[in-house]
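For reference, the structure is listed below as structure tokens.
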Amino acid sequence: MRKGIGVALLSGLALAAPASAQMDVKDISLKAAQELANATLEDCAKKGFRVAVTVVDRDGRVKLIIRGDGTGPHTLSTSRRKAFTALTFKATTIATVERVAKNPGAANLKDISGVLLLGGGVPIKVGSEVVGAVGVSGAPGGDKDEACAMVGLKKIEGMLR
């Protein structure tokens, strides 16, 4: 095939694609990430927990990290890995831990780079579509981290579209 014909053919195919083939990509805005992180941090602080909160976008990139006063040095990386894990498996990290415990064939999921199988990570959804995730670290137990994240998610429900 001659070079000119190939380029023309590819150009024609691109122009022939129906408009309905274009995707409406949803993501979490910076404003929503800030509201989520602040509400999560505040809820944990009310309960006496010193935590760090990380929000990642749909591609697993850090959108925002906020670290409360007096948190341990591990909380930054741990909250980021919990968010990444929730995004990767499109489920809370507690649900993923339970899934791995029930399925010996899934035991090596823990070896995926960036994954951390501890409670405290929650996916952020618009309908059924996962558009990001939040990870919380520092409370005395992943269930408590997750509970704070759920309060933060409740706060931004109207911002997610």
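Shape verdict for segment 108-149, please, from the Cα gyration tensor: rounded (a/c under 1.5), prolate (a/b greater than b/c) or oblate. It is oblate, given that a/c is not under 1.5 and a/b is not larger than b/c.
Compute the Cα gyration tensor for segment 24-159, then decide on rounded, prolate or oblate, letting a ≥ b ≥ c be the square roots of its eigenvalues: rounded whenever a/c is under 1.5, prolate when a/b is larger than b/c in the other cases, and oblate in all that remain. Because a/c hits 1.5 or more and a/b fails to exceed b/c, segment 24-159 counts as oblate. With Cα atoms defining each centre, segment 109-161 and segment 23-56 are spaced 9 Å apart in the structure.
In this structure, the residue pairs whose Cα-Cα separation is over 30 Å, taken from 46/102; 31/90; 102/155, are 46/102; 102/155.
Read the figures in this text as sums done on the coordinates, not as results from a lab. What you see is a predicted model, and the numbers here were worked out from it, not measured in a lab.
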